[in-house]
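See below for the structure under consideration.
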Amino acid sequence: MLEINKVSVLGAGVLGTQIAFQTAYSGLPVVVYDVSDEALAKSEAHMTELAQLYKQDGVVGADDGRTDAAFTRLSFTTDLAGAASEADLVIEAVPELLDVKRRLYTDLAKAAPGHTIFATNSSTLLPSDLKEFTGRPDRFLAIHYANLIWKRNLVEIMGTADTDPAVVAAAVSFAETTGMIPIEIKKEQAGYILNSLGVPFLFAAGKLWASGVADPKTIDRAWKIGSLAPQGPFEALDIIGLTTTYNIASNSEDPGVREFAAALKEQYIDEGKLGTMTGEGFYKY
Ligand code: NAD
């Protein structure tokens with residue numbers, strides 16, 4: 001079995017912060033890399049909130065010290081070479097933009113040792129869209145987390161035809177040792193299982209809003225009452241983050257979804273309302 005003892009997370013945004021914290025909480029040292037000092041500072045501050053949420057949501061007892069210990073295993077840097085030099089596994093969680101990811105993998109391929117496994121957390125891209133930039137297609141795959149990973153602890157693991165089965169096995173084992181439930185995807189599928197089902201649903205809600213059928217709160221209310229779901233689509237979008245939503249929606253082939261993206265930008269993103277991370281999105285937190 002390939003050993004994964006040291007982890008680096010690239011991109012200290014919504015998901016990178018959660019992945020880094022959960023991994024450190026599970027006992028592994030984690031280096032968090034971002035291009036922005038400001039993002040790293042926000043990420044570290046957000047981890048203090050995560051520690052509270054772990055207690056509130058019953059992941060840990062109130063005083064077992066495990067969340068405090070997590071902080072001793074975390075370090076933060078804007079130096080990619082330093083972040084990659086000792087990693088057994090690098091998990092990439094940078095913006096959902098093909099060019100940004102391809103450029104990063106090109107640099108990472110030079111900076112990381114040959115044995116390092118690379119994993120993308122991309123929600124909608126295929127690992128095959130990125131593999132040639134990694135310099136190690138056999139050691140590259142997707143490890144896809146669901147937002148709020150400490151309670152929605154699903155991990156979808158998806159290789160390409162080139163991924164070494166031993167690397168898939170190592171990813172499954174890593175997921176299990178870090179408190180996740182791994183699901184292996186047999187064949188590459190944009191959106192895996194979760195987003196293949198969820199994204200069309202969220203965009204359908206976005207189109208209802210952007211085309212003037214109903215406002216977000218009404219749509220959420222109708223969905224929750226009518227389906228017994230605990231959460232409405234706009235509550236979910238606030239948790240996902242409106243920037244990530246915009247990046248995906250603005251690339252859609254569906255003009256109605258692009259209309260939703262434009263409304264999102266004008267009415268929320270340009271106003272600094274990016275979802276729960278910034279304290280306001282469709283709702284105030
Ligand atoms: P985000 O916008 O919250 O964070 C991205 C971070 O990457 C930012 O801190 C940014 O400064 C940083 N960054 C930008 N360019 C970089 C570079 N070249 N190198 C290092 N850091 C860089 O995004 P997010 O919502 O955390 O999404 C990140 C990835 O995770 C995307 O691929 C997304 O599809 C995926 N994902 C998101 C969710 C979600 O619900 N938000 C769920 C599962 C997977």
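The values are calculated or read from the model by the stated rules, or taken from the named source; none is laboratory data. This one's a predicted model, so the numbers in the text were calculated from it and none came from an experiment. When we count neighbours, we look across all protein chains shown, and the Cβ atoms used for this are built from the backbone with ideal geometry, even at glycine. All accessible areas refer to the heavy atoms of the entire protein, side chains included, with ligands and DNA or RNA removed. Shrake-Rupley method; radii C 1.70, N 1.55, O 1.52, S 1.80 Å.
Using only the C-alpha atoms, the convex hull of the chain corresponds to 127 Å³ per residue.
Only aspartates and glutamates eight or more places from K42 in sequence, or on another chain, were considered; those with a Cα closer than 13 Å are D34. Here segment 7-184 carries DSSP beta bridges of which approximately 20% are antiparallel, counting only pairs with both residues inside.
Taking all Cα pairs closer than 8 Å and separated by 6 or more residues, the relative contact order of segment 126-218 comes to 23 percent.
Structural descriptor for the chain: relative contact order 14 percent, calculated from alpha carbon pairs under 8 angstrom and at least 6 residues apart. Segment S250..E132, full-extension length gain: 39.9 nm, with 0.36 nm per residue of separation and the alpha-carbon distance subtracted.
Based only on Cα atoms, what Rg/Rh ratio does segment 23-145 have, Rh being taken as Kirkwood's radius?
Answer for segment 23-145: 1.00.
Once each part is reduced to its C-alpha centroid, what is the distance from segment 213-274 to segment 148-191 in angstrom? So the separation of the two Cα centres works out to 27 Å.
Could you state the orientation-averaged shadow area of the convex hull built on the Cα atoms of segment 85-218, in nm² to one decimal? Numbers along the way, then the final one.
Numbers: hull surface 36.8 nm².
It is 9.2 nm².
Taking only the Cα atoms of segment 66-113, the ratio Rg/Rh comes out at 1.04, with Rh defined as the Kirkwood radius. Secondary structure note: in segment 62-158, about 35% of the DSSP beta bridges are antiparallel. Fully extending the segment from E86 to K284, taken as 0.36 nm per residue of separation minus the present Cα-Cα distance, adds 67.2 nm. Please list, or write none, the lysines whose alpha carbon is within less than 23 Å of the alpha carbon of K110, excluding same-chain residues fewer than 8 places away. Correct list for K110: K6, K101, K131. Building the convex hull from the alpha-carbon atoms of segment 133-285 and averaging its projection over directions returns 10.6 nm².
Cα gyration tensor of segment 194-278, axes a ≥ b ≥ c as square roots of the eigenvalues: rounded (a/c below 1.5), prolate (a/b > b/c) or oblate? It comes out rounded by the Cα gyration axes. Placing R0 at 35 angstrom, the Cβ-Cβ distance between L228 and V35 gives a FRET efficiency of 0.25 after rounding to 0.05. In segment 154-214 the Cα-Cα distances spread across 10 Å bins starting at 0 as 20, 35, 23, 15, 7, 0 percent of all pairs. Distance between the 7 Å Cα→Cβ label points at E188 and A262: 3.3 nm.
If you sort H115, H144 by accessible surface, 1.4 Å probe, largest first, the order is H115, H144.
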